[in-house]
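Worksheet for the structure shown next.
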Amino acid sequence: MTKADLIDEVSRLTELTRKDSEVIVETIFESVVRSLRAGDKIEIRGFGSFRTRQRKPRVGRNPKTGDRVEYEMGMPLSLQPVDPENPQIVALRRGPLALFGTGNLPATFSRAQLLAATAASPSSEDWLVQGDAGKITFRPFAAINDEPYRLYHTVKS
């Protein structure tokens, strides 16, 4: 389902215009993103709960000098299997955020390709994965417009 499909469904069920339904859907997504960025927890009964986690800075040691060094942990990229019986079907995550592949997606990726994703720019929410046929954009759901997307991807062995 795309964001456009969701807008159409809201319009159909509420008998509102598509424009009014689009405002409603966009407002909900913007509110969720704004709340998560502010550090709030979101709980939608019967659907799920969302929160971001801030990791405390860690203390390590410089192996050459033995000096204590404090460093912050970022939100690492990870692959989450759809279930234990299907470890080859995964979602790309950055910390608590699921990243959706957008556009014309290949049938499979390698684990290395997904985990080597790079930020499109320091100010962008987009991540780029170098696929066999070129760069593929991955982004959080709230950043997806009227484009095809996929959360779960098959990884090559």
* **Likely footprinting exposure, GLU22, GLU15, fewest C-beta neighbours within 10 Å first** => GLU15, GLU22
* **From the coordinates shown, percent of Cα pairs over 20 Å apart corresponds to which of (1) 61; (2) 50; (3) 66** => (1)
* To do: Just rank ILE136, ILE89, ILE44, fewest to most, by other beta-carbon atoms within 10 angstrom.
  => ILE44, ILE89, ILE136
* Asked: Got the relative contact order for the stretch 74-157 handy, in percent, Cα pairs under 8 Å and 6 or more residues apart?
  -> 35 percent
* Asked: Can you list the lysines whose alpha carbon sits under 22 Å from that of LYS41, skipping same-chain ones fewer than 8 residues off?
  -> LYS56
* Low-density loop positions, chymotrypsin sites (Phe, Trp or Tyr not before Pro), the stretch 19-123 - DSSP coil, at most 14 other Cβ in 10 Å -> PHE47
* Asked: Setting aside same-chain residues fewer than 8 positions from LYS135, which lysines have a Cα under 19 Å from its Cα?
  -> LYS156
* To do: Sort the stretch 74-157 into rounded, prolate or oblate with this rule: let a ≥ b ≥ c be the square roots of the eigenvalues of the Cα gyration tensor; rounded if a/c is under 1.5, and if a/c is not under 1.5, prolate when a/b is larger than b/c, oblate otherwise.
  => rounded
* To do: For the stretch 29-38, take each phi angle, set θ = phi - 60°, evaluate the Karplus expression 6.51 cos²θ - 1.76 cosθ + 1.60, and give the result in whole Hz per residue in order, putting x for glycine and proline.
  => 4, 5, 5, 4, 4, 4, 5, 5, 5, 7
* For SER35, SER49, SER11, what's the fewest-to-most ordering of other Cβ within 10 Å of each Cβ? -> SER49, SER35, SER11
* Structure fact -> For the stretch 1-52, shape from the Cα gyration tensor axes a ≥ b ≥ c, cut at a/c of 1.5 then a/b versus b/c, turns out prolate
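Computed from the coordinates by the stated procedures, all read-outs in this text should not be read as laboratory data. Worth saying up front: this structure is predicted, and the values here are computed from it rather than measured. Heads up, the Cβs are rebuilt from the backbone with ideal geometry, glycines too, and the neighbour counts pull from every protein chain shown.
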